[in-house]
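Peer 1: Here it is, the structure, as structure tokens.
The values are calculated or read from the model by the stated rules, or taken from the named source; none is laboratory data. Note that the structure is a prediction, hence the values are computed from the model and not measured. Quick reminder, even Gly has a Cβ in these numbers, built from the backbone with ideal geometry, and neighbours come from all protein chains shown.
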């Protein structure tokens, strides 16, 4: 255990954690002792969340040194299977090892440096109309409850759909079982000058045109479209025209006047899944981010209307915006997943690092998206409260019951959970 002489901050630098102590257990027994002995405790991963979801005034546990190994749980003749992996491991460390064994995950987030437990616990996602969030790969969880007991939830557990996207409310996740598939290759092509008219004429066609599609915008215009295709689904060279947009002839950053060295390769160059699905290279490790982020998910059928509502706010949004990204995510049945119940379209905002101004603007965005039942990303900035969110998640009551069973002494509760989930 270490007393915090120098307070920890999150990746973006907009939050200083209030914890008095941090634990770095090396063994499961040390973790159990730390959790059971703490009045309040939270697990801390890559610190890539932009809000206080992992904050506490008592004890933090960091799992970087925990002695947990990657273990094969099941392998199928078709090359798919399940692996148990350390919850505190970042995807950037896991995916090269998977690729070396001819294995792949179905998708990855834009930045691969986030931890597996943190990303799945918040419903973090990649892109693709047929691709669920990263949490949909989870086939099991091992966690330490607040009394120090170890609980394993397998694929046959009725609690697993409620526990995968858990927001840190149930325990400290030590291991995650992930489904894998045979490896595959991907090519990235960027297109410029897509018009709003063409995008809105066939929004599902654009977002479903490839394995993964990201539409970047400042809400005045569409700045670029990133199209990532599996090579086993598209053998021919990428077309020069994409819904009227022209193919970029040089590597293109989603941010204007920004060096491209940290981006994964573009220009139709094939690469393994883990070298193309993220926007940023795994070997590029960001120490901090001069940005803030928010994201809202709306049912796919309301995608065009939600985008038009945001276009009406372009003059309010653009001065604080670095870039917005429009993506699609396949629906799932995970209780607190932003995609629970059906396919969604996600509206992502990368903001300038001006939290007071961003926080003041968010209620306007949330009011504009409220008619479409927008759900915020759990790990980013939002102001929607527990009462409204309970209406957006049909299984919220069941999740609260699950919290009561796994954390009866309330050790994992914090201000974030009271404000957004527990009420």
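Peer 1: Among (1) within 24 Å of residue 55 (Cα to Cα); (2) outside the structural domain of residue 227 (by TED's automatic domain parsing); (3) touching a helix residue (DSSP H, G or I) at 6+ places or on another chain (Cβ under 9 Å), there is one condition residue 408 misses while meeting the rest; what is its number?
Peer 2: All conditions are met except number (3).
Peer 1: Could we say that residue 112 is at pLDDT below 95, in contact with a helix residue (DSSP H, G or I) (Cβ under 8 Å, 6 or more places away or on another chain) and part of a helix (DSSP H, G or I) here?
Peer 2: The answer is no for residue 112.
Peer 1: Can you tell me which of (1) within 30 Å of residue 408 (Cβ to Cβ); (2) assigned to a strand (DSSP E or B) is the one residue 155 doesn't meet?
Peer 2: For residue 155, the failing item is (2).
Peer 1: Give all pairs with beta carbons closer than 6 Å in which a residue from segment 357-374 that is on the phi < 0 side of the Ramachandran plot meets a residue that is part of a helix (DSSP H, G or I); count only pairs at least 6 apart in sequence or on separate chains.
Peer 2: 357/320; 358/320; 368/309; 369/306; 372/302; 372/306
Peer 1: Quick check on segment 24-62: of everything there that is farther than 22 Å from residue 408 by Cα and more than 17 Å from the chain's Cα centre (by Cα), which residue is surrounded by the most Cβ atoms within 10 Å (Cβ to Cβ)?
Peer 2: Ranking the qualifying residues of segment 24-62, first place goes to 25.
Peer 1: While we're on this one: Report, by residue number, each residue of segment 63-95 that is surrounded by fewer than 16 Cβ atoms within 10 Å (Cβ to Cβ) and farther than 17 Å from residue 152 by Cβ.
Peer 2: 64, 65, 67, 75, 76, 77, 78, 79, 80 - these are the residues of segment 63-95 that are surrounded by fewer than 16 Cβ atoms within 10 Å (Cβ to Cβ) and farther than 17 Å from residue 152 by Cβ.
Peer 1: Only one residue in 137, 146, 133 is crowded, with 24+ Cβ neighbours inside 10 Å and either within 16 Å of the chain's Cα centre (by Cα) or within 30 Å of residue 34 (Cβ to Cβ) (or both), so which one is that?
Peer 2: Only one candidate qualifies: 133.
Peer 1: Looking at residue 191 and the list (1) buried (at least 21 other Cβ atoms within 10 Å of the Cβ); (2) free of Cβ contacts under 8 Å to residues at least 60 places away in the same chain; (3) within 23 Å of the chain's Cα centre (by Cα), which single condition is not satisfied?
Peer 2: For residue 191, the exception is condition (3).
Peer 1: Also, quick follow-up: Could you list, in sequence order, all residues of segment 247-289 that are modelled with pLDDT of 85 or more and within 30 Å of residue 370 (Cβ to Cβ)?
Peer 2: Selection gives 279 alone.
Peer 1: Continuing with the same structure: Got a sec? Which of 213, 172, 225, 206 is under 19 Å from the mean Cα position of the chain (by Cα) and surrounded by 24 or more Cβ atoms within 10 Å (Cβ to Cβ)?
Peer 2: Among 213, 172, 225, 206, only 172 is under 19 Å from the mean Cα position of the chain (by Cα) and surrounded by 24 or more Cβ atoms within 10 Å (Cβ to Cβ).
Peer 1: Among the numbered conditions (1) surrounded by fewer than 21 Cβ atoms within 10 Å (Cβ to Cβ); (2) on the phi > 0 side of the Ramachandran plot, tell me where residue 152 comes up short.
Peer 2: (2)
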